[in-house]
Amino acid sequence: MIDAAKHLLHKAVQELERCGFQPLGSIVAQGSGWSAGALAADGSTWVEVDISQPGLRSSLQQLFKTGELRDAACTAQFTTEFNNHSYLVTTTSDEACAAGVELERLPPQTSIAVLVLRHMQRIEMALRDSHPLKILIHTCADEVEAARQRARARHIQTTGVTAPITVAGLRDLGVAPRWALLIAGDCAATAEALQP
């Protein structure tokens, strides 16, 4: 199952590359799944792709309820930051909307290419409708991470909902990599990583 989830994420990243995005960093174990990031070639938009792998308990519950096993689910979120501290987000996730975020949700099965197209249409409309609005351009992973932190802070400030703890977040707090993997990493990936 883990290999299937990682394969699904690799396919999503390849589709992003075909659409003109550059991978940011590496694939990271995130809770019970995997995540990866990418940045548009022009620096206008960053993408977070997450593959959630259902746990054994939820898979068994699904099997007993419907007679079918649930596969890994892929969500993608495209974000553009503007000079007025607002954000344009096009996503397939069910994340709550924060103040200053213009959010549009598309169905979970929407392809990456369609998400890219829709997000670019929304950027064009926002720039046309709110002149002299300008896009903040990001050129590297550090700038994207700073923009993500600003977006998370705004989200926490307006909704009161904090983001889940991640391996990277724990490492930033000074937690040893081994313990960060045990606390927030994928169980099977952690077991593989911790082998002597």
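The values are calculated or read from the model by the stated rules, or taken from the named source; none is laboratory data. As the structure is a computational prediction, the values presented were derived from the model and not from experiment. Cβ: placed from backbone, ideal geometry, glycine included. Neighbour counts: every protein chain shown. Remember, those area values only see protein heavy atoms, side chains included, never the ligands or the DNA or RNA. Shrake-Rupley method; radii C 1.70, N 1.55, O 1.52, S 1.80 Å.
The figures follow:
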{"quantity": "Per-region count, the range 1-31, residues at pLDDT below 90, within 14 Å of the chain's Cα centre (by Cα) and not in a helix (DSSP H, G or I)", "calculated": "8"}
{"quantity": "Pairs with Cβ under 8 Å, 6+ apart, first in the range 122-140 and over 22 Å from R105 (Cβ atoms), second assigned to a loop (DSSP other than H, G, I, E, B) and among the charged types (D, E, K, R)", "calculated": "I137/D42"}
{"quantity": "The range 92-108, residues that are in contact (Cβ under 8 Å) with a residue 60 or more places away in the chain and open to solvent by less than 30 Å² (accessible area, probe 1.4 Å)", "calculated": "A98"}
{"quantity": "Within the range 109-196, helices (runs of 4 or more DSSP H) holding 3 or more residues that are surrounded by 12 or more Cβ atoms within 10 Å (Cβ to Cβ) and at pLDDT below 75", "calculated": "141-159, 167-172, 177-184, 187-193"}
{"quantity": "Enumeration of residues in the range 32-83 that are modelled with pLDDT of 90 or more and either outside any strand (DSSP E or B) or among the basic types (K, R) (or both)", "calculated": "A41, D42, G43, S44, T45, N83"}
{"quantity": "Breaking point among (1) open to solvent by less than 40 Å² (accessible area, probe 1.4 Å); (2) assigned to a helix (DSSP H, G or I), for V89", "calculated": "(2)"}
